[in-house]
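Engineer: The structure that follows is given in the form of structure tokens.
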Amino acid sequence: MIEFNKSVKKVLPYNRRLYLQFWDDDCDLPTEWNGVSIQLPGAYQGKVPGLTAFVDAYEGLFKNVVLKLDNGSSWTVNHDDKDLNWFPNDEDNLTALRALFKQNNIPKAFRGALIFTNDDLLKFSRDLISYPSAIFNKEGVYYKNLDISHGELSFIMKIYGRSSIDLLSINKELLREVINENSTSLFIVKEFRGSSL
């Protein structure tokens with residue numbers, strides 16, 4: 001069963017404020033977080049793949065990570081730094097995700113987190129991977145990145161437009177293990193500043 005929860009801070013298995021400090025280049029506070037960006041070659045040099053190609057490339061990685069971390073816990077899916085309306089437009093895309101909202105009588109202006117079981121997360125993987133690229137704001141630019149967090153482990157998959165999927169964790173050994181099991185010639189793995197893997 002998929003839950004819709006308006007209290008994102010309460011359902012995240014980590015402190016959101018401290019997690020967001022990790023992204024602040026001006027913050028000198030020590031952080032427990034480590035991360036890598038898993039990119040397609042050329043993604044940050046303007047060679048952005050089409051949406052279908054992006055999803056096809058990352059779907060295997062996404063599913064491998066979910067299955068690797070499967071311990072019966074749930075997963076929390078939320079907008080990365082601030083909670084916005086899930087669907088700010090009526091585009092003909094993300095059909096499975098839009099249908100989920102409709103079937104549960106959840107307004108498209110819902111702000112909050114979605115809580116998925118492992119099986120449901122896998123079922124919605126393509127829509128979640130494509131979400132930031134498929135939703136545009138009024139100015140026609142990417143809307144919002146998604147954080148997909150394991151319910152017990154401090155482990156996050158962050159989905160960026162059509163640029164990358166990032167993996168972050170407080171547990172260095174677990175992160176290193178996930179990276180090693182998913183290293184292929186398809187991707188470039190770039191370690192975040194301050195990470196020591």
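The values are calculated or read from the model by the stated rules, or taken from the named source; none is laboratory data. Please read all numbers here as calculations on a predicted model, not as lab measurements. Positions of Cβ are generated from backbone atoms using ideal geometry, with glycine treated the same way; all protein chains shown enter the neighbour counts. All accessible areas refer to the heavy atoms of the entire protein, side chains included, with ligands and DNA or RNA removed. Shrake-Rupley method; radii C 1.70, N 1.55, O 1.52, S 1.80 Å.
Engineer: Out of curiosity, is Pro30 at pLDDT below 90 and closer than 25 Å to Leu97 by Cα?
Structural biologist: The answer is no for Pro30.
Engineer: Could you identify the single residue in Leu128, Leu153, Leu114 that is part of a loop (DSSP other than H, G, I, E, B) and either out of contact with any strand residue (DSSP E or B) (no Cβ under 6 Å at 6 or more places or on another chain) or buried (at least 17 other Cβ atoms within 10 Å of the Cβ) (or both)?
Structural biologist: After ruling out the rest, the residue left standing is Leu153.
Engineer: Pairs, please: C-beta under 9 Å, at least 6 apart or cross-chain, first residue charged (D, E, K, R) and surrounded by 14 or more Cβ atoms within 10 Å (Cβ to Cβ) and in the range 1-24, second modelled with pLDDT under 90 and not in a strand (DSSP E or B)?
Structural biologist: Arg16/Lys9; Arg16/Asp81
Engineer: So the check is Cβ under 8 Å with 6+ separation or different chains; which pairs have a first residue in the range 90-114 that's of a type in the set (D, E, K, R) and a second one that's open to solvent by 90 Å² or more (accessible area, probe 1.4 Å) and part of a loop (DSSP other than H, G, I, E, B)?
Structural biologist: Close Cβ pairs (under 8 Å, with a partner that is open to solvent by 90 Å² or more (accessible area, probe 1.4 Å) and part of a loop (DSSP other than H, G, I, E, B)) amount to Lys108/Asp90; Arg111/Lys6.
Engineer: For the range 100-111, name all the residues that are closer than 24 Å to Gly151 by Cβ, open to solvent by 80 Å² or more (accessible area, probe 1.4 Å) and not in a helix (DSSP H, G or I).
Structural biologist: If the condition is that a residue be closer than 24 Å to Gly151 by Cβ, open to solvent by 80 Å² or more (accessible area, probe 1.4 Å) and not in a helix (DSSP H, G or I), then Arg111 is the only one that fits.
Engineer: Let me confirm something: among Ile165, Ile148, Ile135, which residue is touching a Lys or Arg at 6+ places or on another chain (Cβ under 9 Å), β-branched (Val, Ile, Thr), more than 13 Å from His79 (Cα to Cα) and open to solvent by less than 40 Å² (accessible area, probe 1.4 Å)?
Structural biologist: Ile165
Engineer: Filter the range 70-99 for residues that are surrounded by 14 or more Cβ atoms within 10 Å (Cβ to Cβ) and in a helix (DSSP H, G or I); which is farthest from the chain's Cα centre (by Cα)?
Structural biologist: Arg98
Engineer: Within the range 45-69, track down each residue that is farther than 19 Å from Ser183 by Cα, outside any loop (DSSP other than H, G, I, E, B) and open to solvent by 70 Å² or more (accessible area, probe 1.4 Å).
Structural biologist: Gln45, Thr52, listed by residue number.
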